[in-house]
Every structure is written in structure tokens, then in C-alpha cells.
Amino acid sequence: MYKNGEIILVNLNPQKNDEAGKIRPCVIVSDSEINDILDLVTIIPCTTNILGSGLFRIGLKPRDNLEKECEVMIEQIRGISKKRILNSLGFVNNEELLKIQTGLKALLSL
């Protein structure tokens with residue numbers, strides 16, 4: 001149902017401390033087959049507060065139902081209940097997914 005690399009709209013409220021909150025786009029980074037089994041998906045929230053792409057910030061241009069330019073905030077990775085997902089906004093492309101995976105590997109020392 002939910003696929004790796006899919007951009008989804010998620011309700012991240014309530015937020016705690018430095019967590020990203022609000023209703024915002026997120027990118028699914030968990031495996032598509034595992035997403036079919038578990039009631040959780042692993043996501044990375046996006047922000048429209050553009051700092052500039054780098055290892056932990058990956059820029060996304062508008063596409064499909066993603067209406068605004070945003071950045072994927074690699075350091076904000078987390079697991080969420082599928083009940084928080086509001087709808088699908090599209091997919092990242094292969095180049096963007098590779099950059100996200102590279103950032104995750106650096107963040108998690110993999």
C-alpha cells in the first residue's frame with residue numbers, strides 16, 4: 001500500500017521539543033514489502049524552511065500533489081502509525097532517493 005520513496009501528507013501533532021510537528025509532507029523510507037506487514041512506516045518529514053541542500057537536507061521541487069518546494073530533514077527520521085497518514089502526494093525520483101539514502105547512511109553510521 002505505502003511505497004518506499006512515496007511522498008505523503010502526515011499529521012505529526014502533537015510535537016515534542018525539537019521534533020517536526022504540524023501537518024506536513026514526509027517521505028517514506030521503510031521497505032515497501034515491510035510497509036504492507038506492519039502498522040507503522042518509517043518517514044522523514046519535510047520543511048518549506050529552505051536552508052539549502054546538503055547531506056542532511058535534500059531539496060524537492062513541486063510535483064504531482066506536492067505544491068511547494070521543500071527539503072527532506074534527514075535528522076528527523078521516525079516511525080509513525082499509518083493512521084497519521086492523510087494522503088499521497090507523489091514520489092521522489094531515483095536521484096532524490098539516492099541522496100536521501102546517502103544522508104541516512106551518514107546519520108546512522110551505516
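The values are calculated or read from the model by the stated rules, or taken from the named source; none is laboratory data. Just so we're clear, the structure is a prediction, and the values are computed from it rather than from any experiment. Heads up, the Cβs are rebuilt from the backbone with ideal geometry, glycines too, and the neighbour counts pull from every protein chain shown.
Structure values in brief
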| read-out | value |
| --- | --- |
| Residue that is without any contact (Cβ under 8 Å) to a residue 60 or more places away in the chain, within 12 Å of the chain's Cα centre (by Cα), surrounded by 20 or more Cβ atoms within 10 Å (Cβ to Cβ) and farther than 16 Å from residue 86 by Cα, where the choices are 72, 29, 41 | 72 |
| Residue, surrounded by the fewest Cβ atoms within 10 Å (Cβ to Cβ), within the range 99-110, restricted to residues that are in a loop (DSSP other than H, G, I, E, B) and aliphatic (A, V, I, L, M) | 110 |
| Selection count, the range 5-41, where residues are within 16 Å of residue 88 (Cβ to Cβ) and out of contact with any helix residue (DSSP H, G or I) (no Cβ under 6 Å at 6 or more places or on another chain) | 15 |
| Strands (runs of 3 or more DSSP E) fully within the range 1-98 counting 2 or more residues that are under 25 Å from residue 109 (Cα atoms) | 6-11, 23-28, 40-47, 57-60, 70-73, 78-81 |
| Selection count where residues are surrounded by 14 or more Cβ atoms within 10 Å (Cβ to Cβ) and either at pLDDT below 95 or among the acidic types (Asp, Glu) (or both), scope the range 1-20 | 2 |
| Search result, residues across the range 44-55 that are closer than 17 Å to residue 69 by Cβ and either exposed (fewer than 12 other Cβ atoms within 10 Å of the Cβ) or aliphatic (A, V, I, L, M) (or both) | 44, 48, 49, 50, 51, 52 |
| When residues of the range 44-59 are limited to those that are of a type in the set (A, V, I, L, M) and under 11 Å from the mean Cα position of the chain (by Cα), the one nearest to residue 19 (Cα to Cα) | 44 |
